[in-house]
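The values are calculated or read from the model by the stated rules, or taken from the named source; none is laboratory data. Fair warning: this is a prediction, and the values are worked out from it, not measured in the lab. Counting neighbours? That spans all protein chains shown, and the Cβs are built from the backbone with ideal geometry, glycine included.
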Amino acid sequence: MTVRAQSKVNLHLGVGDLREDGYHELTSVFQALSLSDDVVLADADELSVQVRGEDAAAVPTDRTNLAWRAAELVAQRAGRAPDVAITIVKGIPVAGGMAGGSADAAATLVGLNELWRLGLGRAELFELGAQLGSDVPFTLHGLTALGTGRGEELLPVLSRNSFHWVLALAKEGLSTPAVFRELDRLRAVGNPPRLGGADALIRALAAGDPAALAPLLGNDLQPAALSLQPGLRRTLRAGTAAGALAGIVSGSGPTCAFLCSDADSAVAVGAELAGAGVCRTVRVAHGPVPGARVVDETRGGPPHGTDHRGMES
Ligand SMILES: C[C@](O)(CO)[C@H](O)COP(=O)(O)OP(=O)(O)OC[C@H]1O[C@@H](n2ccc(N)nc2=O)[C@H](O)[C@@H]1O
Ligand SMILES: Nc1ncnc2c1ncn2[C@@H]1O[C@H](COP(=O)(O)OP(=O)(O)OP(=O)(O)O)[C@@H](O)[C@H]1O
């Protein structure tokens, strides 16, 4: 069985104060993007994880892999052994701020619910997802949603039309906790900008107008990501110089996401950015797309032809 795991970008990421539990209160408008991983699940005698694709060497294959932890959690809920062979074909950059590990965990929850015929409802899957990480519930949900709390309390947001994105993938990843810590440090020594509400952005999404949406994109984590990787300023400048409507750091970074006026513009911006020497590679993507979902019910066997990806995802 193959389950598609979609990435995300935060169109608006307002970060509140540090809570006593070590998390920050967030106001996040998420959009699920077409850049994806495939998670292949096959019956086996024991739990295992294999990773393929460009970034595979950077991903653990032991119980620290979020998909492994998802399998253990759902098996525990079902009262059965977590015996499944998990093959992850990475398309989402690792430690890139696009919720790659979270999406793999979401795909594992959805897939095992089907493979083991557990009959868990959406609410139960969301509750298991929230135990695995703040971004997992959204990667189950997909489309466009407003997240509050630590990002796991979701409300759907109406989004008309498809939006077209160029993603600039960085050479080195960034650790999410390190970026939140850097923001706390910047706030302790200065006054980095804080986003206002997301109402205007939510209206622009409902209108389906990229030109109206572009100036409203914002990310409170961006100053912290730029502080840890100053070269990202050049990447952001190069994207808008290439014709994107706007560029932001995606989540905790370091991937930069550029909103373009249409699909043709995204291809042109992607080509120019790829030649500008400001990132490892570029991908073109669109959103919103649905959350983690089964795309091939065949039991067992890795997918064919999914690990050679062009610029369009
Ligand atoms: C930056 C975002 O991607 C935006 O969607 C998410 O907030 C991060 O979500 P995630 O990677 O699923 O994060 P988790 O695995 O839940 O948390 C990792 C670490 O990030 C920090 N963290 C995460 C979420 C949050 N609301 N406040 C935080 O301070 C904490 O240090 C936490 O220990
Ligand atoms: N299935 C997985 N895919 C990628 N990384 C994983 C996975 N499971 C565990 N990891 C570990 O988690 C770290 C963060 O990876 P991930 O790609 O999820 O980051 P991210 O996209 O920045 O996360 P987020 O956007 O949710 O904050 C990696 O450096 C890796 O060690």
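Could you list all residues from the stretch 268-290 that are in contact with a Leu (Cβ under 8 Å, 6 or more places away or on another chain), surrounded by fewer than 17 Cβ atoms within 10 Å (Cβ to Cβ) and either part of a loop (DSSP other than H, G, I, E, B) or without any contact (Cβ under 8 Å) to a residue 12 or more places away in the chain (or both)?
The one that is in contact with a Leu (Cβ under 8 Å, 6 or more places away or on another chain), surrounded by fewer than 17 Cβ atoms within 10 Å (Cβ to Cβ) and either part of a loop (DSSP other than H, G, I, E, B) or without any contact (Cβ under 8 Å) to a residue 12 or more places away in the chain (or both): Arg280.
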Note: among Val157, Val136, Val166, just one is out of contact with any Gly (no Cβ under 6 Å at 6 or more places or on another chain), buried (at least 18 other Cβ atoms within 10 Å of the Cβ) and in contact (Cβ under 8 Å) with a residue 24 or more places away in the chain, namely Val157
Of the candidates Leu118, Leu112, the one satisfying the condition of being within 20 Å of Thr2 (Cα to Cα) and surrounded by 23 or more Cβ atoms within 10 Å (Cβ to Cβ) is Leu112
Flagged pairs (Cβ under 7 angstrom, 6 or more apart or on separate chains; first in the stretch 82-99, more than 14 Å from Arg69 (Cα to Cα) and assigned by TED's automatic domain parsing to the domain that holds Pro254; second of a type outside the set (Gly, Ala, Ser) and within 16 Å of ligand 1 (Cβ to nearest atom)) are none
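If we scan the stretch 7-25, do we find a residue that is touching a strand residue (DSSP E or B) at 6+ places or on another chain (Cβ under 8 Å) and more than 16 Å from ligand 1 (Cβ to nearest atom)? Even if it seems obvious, please write down each step before you answer.
Filtering the stretch 7-25 for residues touching a strand residue (DSSP E or B) at 6+ places or on another chain (Cβ under 8 Å) gives 7-19, 24-25.
Retained after the next criterion (residues that are more than 16 Å from ligand 1 (Cβ to nearest atom)): none.
Within the stretch 7-25 (the criterion being touching a strand residue (DSSP E or B) at 6+ places or on another chain (Cβ under 8 Å) and more than 16 Å from ligand 1 (Cβ to nearest atom)), the answer is no, since none of the residues qualifies.
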Count - residues of the stretch 32-53 that are under 25 Å from Ala263 (Cα atoms) and within 13 Å of ligand 2 (Cβ to nearest atom): 6
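Conditions (1) in contact (Cβ under 8 Å) with a residue 12 or more places away in the chain; (2) closer than 22 Å to Gly147 by Cβ, marked per residue:
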{"site": "Asn10", "(1), (2)": "yes, yes"}
{"site": "Leu18", "(1), (2)": "yes, yes"}
{"site": "Val40", "(1), (2)": "yes, no"}
{"site": "Leu66", "(1), (2)": "yes, yes"}
{"site": "Gly79", "(1), (2)": "no, no"}
{"site": "Gly101", "(1), (2)": "yes, yes"}
{"site": "Leu115", "(1), (2)": "yes, no"}
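Sort out which residues of the stretch 101-140 are acidic (Asp, Glu) and farther than 10 Å from Ala70 by Cα, and write them in order of number.
Glu114, Glu124, Glu127, Asp135, listed by residue number.
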Could you check the stretch 150-169 and list, in sequence order, the residues that are assigned to a loop (DSSP other than H, G, I, E, B) and at negative phi? Arg150, Glu152, Val157, Leu158, Ser159, Arg160, Ser162
Members of the stretch 70-94 found to be more than 15 Å from Ala42 (Cβ to Cβ) and crowded, with 21+ Cβ neighbours inside 10 Å, listed by number: Ala70, Val74, Lys90, Gly91, Ile92, Pro93
Taking the condition of being within 12 Å of ligand 1 (Cβ to nearest atom) and in contact with a Pro (Cβ under 7 Å, 6 or more places away or on another chain), how many residues in the stretch 122-146 meet it? 3
So Leu26, is it under 19 Å from Arg283 (Cα atoms), assigned to a strand (DSSP E or B) and out of contact with any Pro (no Cβ under 6 Å at 6 or more places or on another chain): no
Checking Ala105 against (1) more than 22 Å from Val284 (Cβ to Cβ); (2) crowded, with 22+ Cβ neighbours inside 10 Å; (3) in contact with a strand residue (DSSP E or B) (Cβ under 7 Å, 6 or more places away or on another chain), which test does it fail? (3)
Has the stretch 270-287 got at least one residue that is modelled with pLDDT under 95, in contact with a Lys or Arg (Cβ under 7 Å, 6 or more places away or on another chain) and closer than 22 Å to Ala103 by Cβ? no
Subset of the stretch 124-183 [aromatic (Phe, Trp, Tyr), under 16 Å from the mean Cα position of the chain (by Cα) and within 15 Å of ligand 2 (Cβ to nearest atom)]: Phe138
Within the stretch 185-200, how many residues are surrounded by 14 or more Cβ atoms within 10 Å (Cβ to Cβ) and within 15 Å of ligand 1 (Cβ to nearest atom)? 4
